[in-house]
Amino acid sequence: MKPEIRLIEPEDNQATAQMIRAVFEEFDAPKIGTVYSDPTTDQLYELFQAATNSVFFLAVENNQVLGSCGIYPTPGLPQGCAELVKFYLSKEARGKGLGKALMEKSTQAAIDMGYTQLYIESLPVFDKAVSIYEKQGFRRIDQALSTAHPGCNLWFIKDL
């Protein structure tokens, strides 16, 4: 069975939060000041339902959440800019093109919603993800555009 990319549903909250936190644990990434300790990570369906011009996709196979990626109008970003958020892939999902598919679907959704730029934050331990960002046209910038996750120390922007 091929993984399906679909919108998050209420019953996906727990599995999605577990998948995201497992990635942080696998890479021994900082937990404080990141999505790991963010309380909204446990209620992603509700978070994205409450925000206008936002969307959150999951890659799912056999009812298992393999990856996630979304678009969110993070406070503090410039006019016309949204954040590419919660882009994570489980260990089992990597190297199969799922990350690229999730990012492209999210980017197209941002364009369809009228955004002109995408912003993303990351950490050096996620170097493979950083290379994906750069291949997808994101360029590094020198400072954060948002204060939502102060533990992140790499920032990127992409014109749509």
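Every number here is computed from the coordinates shown, using simple stated rules; none is lab data. Please read all numbers here as calculations on a predicted model, not as lab measurements. Here Cβ is always computed from backbone atoms with ideal geometry, including for glycine, and neighbour counts include all displayed protein chains.
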Dipole axis of the chain (+1 Lys, Arg; -1 Asp, Glu on Cβ), positive-most option in TYR36, PRO75, TYR115
TYR115
Karplus-derived 3J(HN,Hα) from phi for the stretch 113-119 (6.51 cos²θ - 1.76 cosθ + 1.60, θ = phi - 60°), whole Hz, x at Gly and Pro, runs 7, x, 6, 10, 8, 10, 10
Work out the length of the dipole vector of the stretch 7-160 about its Cα centre, built from +1 on the beta-carbon of each Lys and Arg and -1 on the beta-carbon of each Asp and Glu, and round it to the nearest 20 debye.
460 debye
Could you tell me whether the stretch 81-151 comes out rounded, prolate or oblate from its Cα gyration tensor? Rule is a ≥ b ≥ c as square roots of the eigenvalues, rounded for a/c under 1.5, then prolate if a/b exceeds b/c, otherwise oblate.
oblate
Assign one of three labels to the stretch 16-63, namely rounded, prolate or oblate, based on the Cα gyration tensor with a ≥ b ≥ c the square roots of its eigenvalues; rounded applies when a/c is under 1.5, prolate when it is not and a/b is larger than b/c, and oblate otherwise.
oblate
Translational diffusion coefficient, Stokes-Einstein: compute it for the stretch 4-159 using the Kirkwood radius over C-alpha pairs as Rh, at 37 °C and 0.692 mPa s, and state it as an integer in µm² s⁻¹.
213 µm²/s
Name the lysines eligible as straight-distance cross-link partners of LYS31: C-alpha to C-alpha under 24 Å, and not fewer than 8 places from it in the same chain.
LYS86, LYS91, LYS128
